[in-house]
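The values are calculated or read from the model by the stated rules, or taken from the named source; none is laboratory data. This is a predicted model, so every value here is computed, not measured. Here the Cβ is made from the backbone with ideal geometry for all residues, glycine too, and neighbour counts use every protein chain on show.
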Amino acid sequence: MSRKPLLLASSSPYRKTLLDRLGLPFTCASPDIDETPQRGESGESLVTRLAESKARALAERFPGHWIIGSDQVACLPDGSVLSKPGNHEQATSQLHQSSGHRVLFLTGLALLDSDSGKLESLCEPYNARFRVLTAEEIEAYLRRELPYDCAGSFKMEGLGITLFEALEGRDPNSLVGLPLIALNDMLRRWGRNPLLENRPDAAQV
């Protein structure tokens, strides 16, 4: 398969920062899709479907690209699904619900060839065990970091780390919103190796 330019189907600065770590050139565009969960849809099915939908939504606008889509939700032990809170009140409620519990974060990832329609997707799980949080801690955290655009109401790369007792999973990057280990695996299968492309002599490889 020929090498094509990469497009990140997201306006998230967190995902952009993560993808920068692979050292590959890429552009970003925001997909316009309906993210409403379907009736009876599991968290795994939801994030996988939305990751694929985000990639497909940009295929016509960006022919000749490999498009990366991603989406994330948090699942409480009772089966409740938490997405982006959007405001302080909802974020407060989410952190109170997560306090003292193990929360399963599910991150959907999709890689689409916009020309051929070839698609690979998966769901990356990651567990976060929250400390028992006081109301004062929750309020202080939210006022300092304003994580209203983050599923689960925290920023892993900042003070969010202080909310946890333990983290369990393959790739902590998935908590921020883009599972880089899985994406690297996909890109290598498709013929792009970030490690080799970043060599000083990559132009001659």
Query raised in the report: Just wondering, is there one or more residues in segment 120-129 that are more than 30 Å from P31 (Cβ to Cβ), touching a helix residue (DSSP H, G or I) at 6+ places or on another chain (Cβ under 9 Å) and in contact (Cβ under 8 Å) with a residue 40 or more places away in the chain?
Result: no
Query raised in the report: Scanning segment 27-58 for residues that are within 18 Å of L183 (Cβ to Cβ) and of a type in the set (G, A, S), which turns out surrounded by the most Cβ atoms within 10 Å (Cβ to Cβ)?
Result: A55
Query - Failed item in (1) surrounded by fewer than 22 Cβ atoms within 10 Å (Cβ to Cβ); (2) more than 18 Å from Y148 (Cα to Cα); (3) β-branched (V, I, T), with V81 passing the rest - result: (2)
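Identify all residues within segment 82-110 that are among the charged types (D, E, K, R) and within 18 Å of S10 (Cβ to Cβ); write none if there are none.
Step one: list which residues in segment 82-110 are among the charged types (D, E, K, R), which gives 84, 89, 102.
Result: K84, single match.
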Report summary line: Residues in segment 60-81 that are more than 19 Å from S12 (Cα to Cα), in contact with a Gly (Cβ under 9 Å, 6 or more places away or on another chain) and touching a residue at least 12 places away in the same chain (Cβ under 8 Å) total 2
**Report entry** Filter pass, E124 being closer than 30 Å to R188 by Cα and under 14 Å from the mean Cα position of the chain (by Cα)
**Finding:** yes
Report task. Return only the number of the condition from (1) closer than 18 Å to R192 by Cα; (2) buried (at least 16 other Cβ atoms within 10 Å of the Cβ) that D20 does not satisfy. Result -> (2)
Query raised in the report: Of the numbered conditions (1) closer than 21 Å to P31 by Cα; (2) of a type in the set (V, I, T); (3) not in a strand (DSSP E or B), V132 satisfies every one except a single condition; which is it?
Result: (1)
Requested in this report: Name the single residue, out of those in segment 111-133 being among the hydrophobic types (A, V, I, L, M, F, W, C) and closer than 22 Å to R15 by Cβ, that is surrounded by the most Cβ atoms within 10 Å (Cβ to Cβ).
Outcome: L112
Report task. Take segment 1-29 and flag every residue that is within 17 Å of the chain's Cα centre (by Cα), in a loop (DSSP other than H, G, I, E, B) and small (G, A, S). Result -> S10, S11, S12
Query raised in the report: So which pairs qualify, if the first residue must be in segment 95-108 and at positive phi, the second must be in a loop (DSSP other than H, G, I, E, B), the Cβ gap must be under 7 Å, and the two must be at least 6 apart or on different chains?
Result: G100/V132
Query raised in the report: Looking at segment 106-155, which of its residues are at pLDDT 95 or above and of a type in the set (K, R)?
Result: K118, R129, R131, R143, R144
